[in-house]
Amino acid sequence: MIRLNLTATPQWLDLAPGLRLLVGPLTTALMVSARADPAIEALPEGATQEALALAMAKAVARRAVLDWEGVGDAMGTIVPVTPEGIDALLEIWPVFEAFQTQYVAKGLILDAEKNVSAPSPTGPSAVATDTARPARALVQTAPQD
């Protein structure tokens, strides 16, 4: 069952001790916009999956992050949310993983749930189990017209 959240209110994500992000809802419009981000379009043909994943995460975050707590500069001064700051934040591996898991993956999990019986890679019946007992004896086939 899909549970619709019709309020579309921003939510806080706790990504690390003392670090949290206020993010807007992960909508179709946000994802479509992120896919068209200039940084993704600028990736060279044949870019690795890792490079694409990082570029996409940054594109999504630049659109989704509305505010944050626990982010400061090298001197410890609290800094405002900026596109450059979001990109720098996602370069920190544990933050990237937490963002992917807590925000982006929720949308991907929903996408994966849309088909509860995905076909086997070797054919739809290759891994199916038998549900009927074998016939006891051979029988003739039905006459053909």
With Glu69, Glu97 as the choices, which residue is in contact with a Lys or Arg (Cβ under 8 Å, 6 or more places away or on another chain), farther than 17 Å from Ala34 by Cβ and not hydrophobic (A, V, I, L, M, F, W, C)? Glu69
Say whether the condition of being under 15 Å from the mean Cα position of the chain (by Cα) and surrounded by fewer than 12 Cβ atoms within 10 Å (Cβ to Cβ) is met by at least one residue in region 12-27. no
Please indicate, with yes or no, whether at least one residue in region 93-116 is modelled with pLDDT under 75 and more than 15 Å from the chain's Cα centre (by Cα). yes
Only one of Ala55, Ala34, Ala59 is free of Cβ contacts under 8 Å to residues at least 24 places away in the same chain, crowded, with 17+ Cβ neighbours inside 10 Å and within 15 Å of the chain's Cα centre (by Cα); which? Ala55
Hey, can you tell me all the residues within region 62-73 that are surrounded by 13 or more Cβ atoms within 10 Å (Cβ to Cβ), of a type in the set (Gly, Ala, Ser) and under 17 Å from Pro17 (Cα atoms)? Gly70
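The values are calculated or read from the model by the stated rules, or taken from the named source; none is laboratory data. Computed from a predicted model, the values in this text were never measured in an experiment. For neighbour counting, all protein chains shown are included, and Cβ atoms are generated from backbone atoms with ideal geometry for every residue, glycine included.
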